[in-house]
Structures are given as C-alpha cells and as structure tokens.
1. Only one of 180, 129 is within 16 Å of residue 79 (Cβ to Cβ), part of a loop (DSSP other than H, G, I, E, B) and out of contact with any strand residue (DSSP E or B) (no Cβ under 6 Å at 6 or more places or on another chain); which?
2. Among the residues in the stretch 108-124, are any more than 17 Å from residue 148 (Cα to Cα), surrounded by fewer than 22 Cβ atoms within 10 Å (Cβ to Cβ) and free of Cβ contacts under 8 Å to residues at least 60 places away in the same chain?
3. Against the conditions (1) surrounded by 19 or more Cβ atoms within 10 Å (Cβ to Cβ); (2) not in a helix (DSSP H, G or I), where does residue 11 fall short? Just the number, please.
4. Would you point out the residue of the stretch 72-106, among those that are over 19 Å from residue 146 (Cα atoms), part of a loop (DSSP other than H, G, I, E, B) and at pLDDT 95 or above, that is nearest to the chain's Cα centre (by Cα)?
5. Identify, from the list 201, 158, 230, the residue that is surrounded by fewer than 17 Cβ atoms within 10 Å (Cβ to Cβ), closer than 27 Å to residue 107 by Cα and in contact (Cβ under 8 Å) with a residue 60 or more places away in the chain.
6. Quick check: anything in the stretch 167-176 closer than 21 Å to residue 32 by Cβ, touching a strand residue (DSSP E or B) at 6+ places or on another chain (Cβ under 9 Å) and either buried (at least 18 other Cβ atoms within 10 Å of the Cβ) or in contact (Cβ under 8 Å) with a residue 60 or more places away in the chain (or both)?
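The values are calculated or read from the model by the stated rules, or taken from the named source; none is laboratory data. Worth saying up front: this structure is predicted, and the values here are computed from it rather than measured. FYI the Cβ positions are ideal-geometry reconstructions off the backbone, even for glycines, and counts take in every protein chain you see.
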C-alpha cells in the first residue's frame, strides 16, 4: 500500500492539515476525500478496502485523500456545517488532488465522513453542488443544532448526489454533552439520520438508509464500508 503523508493548507491560510494520499491502482477516473483520516486509516482500514474493490473491478480506479481531524476541539468547529471548511475541502483539497492524480474532472467525486464529519460532508455536498456525486456518512451527527441541516435542505440548490446514510440501532441516547467543547446533543442519532434521509428524498435525491445492529463504533462502520462504496461508486 502506497500511502504518502503530506501537509496541505487552505488558500486563505486558515487551515493547515496533515493528510495521506492514496493513488488509484491504475489510471484514476475519479477522486475521493475522507475526513476524520485517523478513523478511516485505523481502525477502519479504508485504504485496504479501496484497493481490494478496485482490483476486483467492483469500483472504478479512484485516487483518495484522507484528511486529519487535527484534534477533538477542531472537530467541533470544522465539522459542524462550517462554510469555511467546506471551501477548504471542495476547492483547496480537491484542486490539490486533481493536480496530484491527473484527474481533470471537476465533478463526479466521492466525499466521506464519520459522526460529526459525516454531518460536514453532507453539508459540503449541498453547499457545493455538482462536485461530489457520492456522499458517505457513517452515523452522521444530524442532530446538531436541532437538525439545522435537515431544515435547510429545501433551500439549497438541487444536486444529483447519491447518499449512503447509516446509523446503529443502539444510537438512541439523548441529552448528551460531548467533550471537549460540551457540544449538546438533544436528539438521538437515529432520528437525526432518518429525518435527514427523508429531507433528501423529499427533494429527489437517491438515498440508501442503512440501520445496522450496533452502536456508535468503528467496527460496524468498517463492516459496511465495502457495501457503501459498491453502492455509491458502481457506475
């Protein structure tokens, strides 16, 4: 496996993040950006899954970038429907990835995230329509700000993105204060994900809602990753 560690900055100078580049197994046809790199690299082992699916012909050749979350506090700011961070991803990181991989297309790419970053990737796809045709959100934190993003969906420009949205049967807790900033979760994760899926479907997006038998853990996210990638990237 040929992972290249790099450091990337935004044009504005606001962000500088460590990242890992994974080239496609052959000439890349599309690009993928994964937030919360530390989870996708270990323990979810996404690079191995991506290479396996490409070699078997189940998904197209895809060049990927895994972007570090920096730390817990940064996650609570970067991944809560941040317009500035969405521009960092959709403009700065994607530009670097196109140049590095040789993929010239500006649309038709994959964006993936987990929990809070699952919220952010969904927001980014809506804020920058036409760029990410495939969006993967494992246990997305759509409860944030009393389901703010679901309520905003009708006001975003329409896109043709497909969404894989998952959540566990045990993610039913409410009234949680998440460290380190005390981010308050009033609604259970299941309701938040289900309601966001309904909001997307109501405006015509294709959504795969996956309710798995487990909780908010890396193991079920790793287990569903091959099926999610097959469904999203099967062209």
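1. Going through 180, 129 in turn, just one is within 16 Å of residue 79 (Cβ to Cβ), part of a loop (DSSP other than H, G, I, E, B) and out of contact with any strand residue (DSSP E or B) (no Cβ under 6 Å at 6 or more places or on another chain): 180.
2. no
3. For residue 11, the failing item is (1).
4. Across the stretch 72-106, the extreme among qualifying residues is 103.
5. 230
6. The answer is no, given that none of the residues of the stretch 167-176 is closer than 21 Å to residue 32 by Cβ, touching a strand residue (DSSP E or B) at 6+ places or on another chain (Cβ under 9 Å) and either buried (at least 18 other Cβ atoms within 10 Å of the Cβ) or in contact (Cβ under 8 Å) with a residue 60 or more places away in the chain (or both).
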